[in-house]
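Scroll down for the structure; my scribbles are underneath it.
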Amino acid sequence: MTLHDFYVAIGGDYAAAVSAMGDEQQVVSRLRAFPYAQDYAGLLTAMRDSRWQDAADCAAAISREAEALFCPGLQRAGDALAEALTRLEGDVLTLRENLAREYRNVIAAINGVTN
């Protein structure tokens with residue numbers, strides 16, 4: 001899959017990503033580093049241990065990185081979960097599942113990028 005195809009698959013903005021990061025190689029480099037960030041694992045651990053502020057911080061970090069990578073679905077899911085965890089309101093488990101689904105979609109798409 002090309003980088004352009006990646007952004008189509010995740011509903012992101014290819015042109016904005018390339019413009020913001022300089023060139024396709026920079027975008028691909030950042031995308032390939034994303035799965036190695038510890039924020040998602042930290043989120044799951046913090047939620048398991050009922051450390052709600054830590055979990056909110058991890059969700060917010062995922063959202064910020066998704067924004068920087070122009071991955072809008074993952075950004076929205078991270079924002080929604082971070083807000084719910086901060087306020088301890090809403091269906092946190094459903095929001096966590098939404099984030100997990102978006103995260104898996106982005107990771108799968110990253111793994112499919114060939115350039």
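No lab work stands behind these numbers, since they all come straight from the coordinates. Being a predicted model, the structure only gives us computed values, none of them experimental. Cβ sites come from the backbone with ideal geometry, for glycine too, and all protein chains shown count toward neighbours.
Set Lys and Arg Cβ to +1 and Asp and Glu Cβ to -1, take the dipole of the chain about its Cα centre, and tell me which of G90, S19, P35 lies farthest positive.
P35
Taking a label point 7 Å from the Cα of D5 along the Cα→Cβ vector, which residues of the stretch 23-44 have an amide N closer than 16 Å to it?
Under 16 Å, as judged by backbone N against the label point of D5, lie 28 of the stretch 23-44.
What percentage of all Cα-Cα pairs in the stretch 3-112 are separated by more than 24 Å? All intermediate terms of the calculation are to be shown ahead of the outcome.
Numbers: 1377 of 5995 pairs.
The calculated P(r) of the stretch 3-112 puts 23 percent of pairs beyond 24 Å.
With springs only between Cα atoms under 10 Å apart, run a GNM on the chain and tell me which of L69, L44, L99 wobbles the most.
L44
Taking the Cα centre as origin and putting +1 on Lys and Arg beta-carbons and -1 on Asp and Glu beta-carbons, what dipole magnitude results for the stretch 21-115, to the nearest 20 debye?
The calculated dipole for the stretch 21-115 is roughly 220 debye.
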